[in-house]
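See structure below.
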Amino acid sequence: MNSSTVTQSLGSGLAGALVLNALHETVRHLRPADAPRMDVLGKRGLRKILYKADAPQPNDQTAYALTMAGDVLSNGLYYSLVGTGRGVWLRGAALGLAAGIGGVMLPGPMGLGEAPSNRTPQTQAMTVAWYLIGGLAAAAASRLWSRSSSC
């Protein structure tokens, strides 16, 4: 894998992560009753880690900012697995669906609560759909990158 392929993969992953976070943040303001609240799960996870590390707890604004940065970084790295070349659409869809299903199924067993991503059927559907869209956005960015670099 050469450096331009790595750059393309990371850039495409970042594009997918930014689309995902933009969707989450926009819809949570438009549909507060049933929008997925992955920001809440992120803050709970952060607070849990800091508590176990016996580290000081940040205020809510700082916890939110750290969570958003962590979401973009971790989702960007995850979506960078979409990669380049043939099969990016299938990989993007598969990665997005896996992340969305995990977003619905895993928070409860992880001790983060179920309501933020699982409170209504609409919340569950939106959670899966937003991650799927993030994966497809990463695939689209990869394809666009390939086209622009071949010109």
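The values are calculated or read from the model by the stated rules, or taken from the named source; none is laboratory data. What you see is a predicted model; the values in this text were computed from it and never measured. Here the Cβ is made from the backbone with ideal geometry for all residues, glycine too, and neighbour counts use every protein chain on show.
Residues in segment 99-128 that are among the hydrophobic types (A, V, I, L, M, F, W, C) and more than 11 Å from the chain's Cα centre (by Cα): I101, V104, M105, L106, M110, L112, A115, A125, M126. Out of the residues in segment 120-132 that are crowded, with 19+ Cβ neighbours inside 10 Å and among the hydrophobic types (A, V, I, L, M, F, W, C), state the one that is farthest from L81 (Cα to Cα). The qualifying residue farthest from L81 (Cα to Cα) is M126.
Okay, residues lined up against (1) closer than 22 Å to T123 by Cβ; (2) touching a Pro at 6+ places or on another chain (Cβ under 8 Å); (3) of a type outside the set (S, T, Y):
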| position | (1), (2), (3) |
| --- | --- |
| M38 | yes, yes, yes |
| I49 | no, no, yes |
| A63 | yes, no, yes |
| G70 | yes, no, yes |
| S80 | no, no, no |
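Given the criteria of a type in the set (A, V, I, L, M, F, W, C) and in contact (Cβ under 8 Å) with a residue 60 or more places away in the chain, does M110 qualify? When the stated conditions are applied, M110 passes them.
Considering only residues of segment 39-97 that are in contact with a Phe, Trp or Tyr (Cβ under 8 Å, 6 or more places away or on another chain) and among the hydrophobic types (A, V, I, L, M, F, W, C), which is surrounded by the most Cβ atoms within 10 Å (Cβ to Cβ)? Give the derivation first.
Initially, segment 39-97 is screened for residues in contact with a Phe, Trp or Tyr (Cβ under 8 Å, 6 or more places away or on another chain), giving 39, 43, 57, 84, 92, 95-97.
Still in the running and among the hydrophobic types (A, V, I, L, M, F, W, C): 95, 97.
On the way: L95: 25, L97: 15.
Residue satisfying both the conditions and the ranking: L95.
Scanning segment 130-151 for residues that are in a helix (DSSP H, G or I), hydroxyl-bearing (S, T, Y) and at pLDDT below 95 returns S146, S148, S149.
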